[in-house]
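Here, each number is a calculation from the coordinates, and none is a lab measurement. The structure presented is a predicted model; accordingly, all values stated were derived computationally and were not measured. Here the Cβ is made from the backbone with ideal geometry for all residues, glycine too, and neighbour counts use every protein chain on show.
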Amino acid sequence: MEDRRIMQEVLDDTEVEETETFEDDGYLSDDEIHRMWTEHMHDFVPEDMMNIIVEKNSVEALYE
């Protein structure tokens, strides 16, 4: 199936950066969460959100 091949190519792409969302211990302090929100979500508009249902045992790849 071509979709799986394309998805695997994207997942294997070393130029795609993973977003770090936690410190080494797996937890963020409230201050760190607030800092990240302020840094990345300053222009957040809830009306622009999109929900996607990901079925069990599947993967969805979104391209920006």
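At a Förster distance of 25 Å, what's the computed FRET efficiency of TYR27 paired with GLU64, Cβ-Cβ distance as r, to 0.05?
After rounding, the FRET efficiency stands at 0.30.
Give me the net charge of MET41's neighbourhood, meaning all other residues with Cβ under 13 Å from the Cβ of MET41; Lys, Arg count +1, Asp, Glu -1.
Surrounding charge for MET41 is -2.
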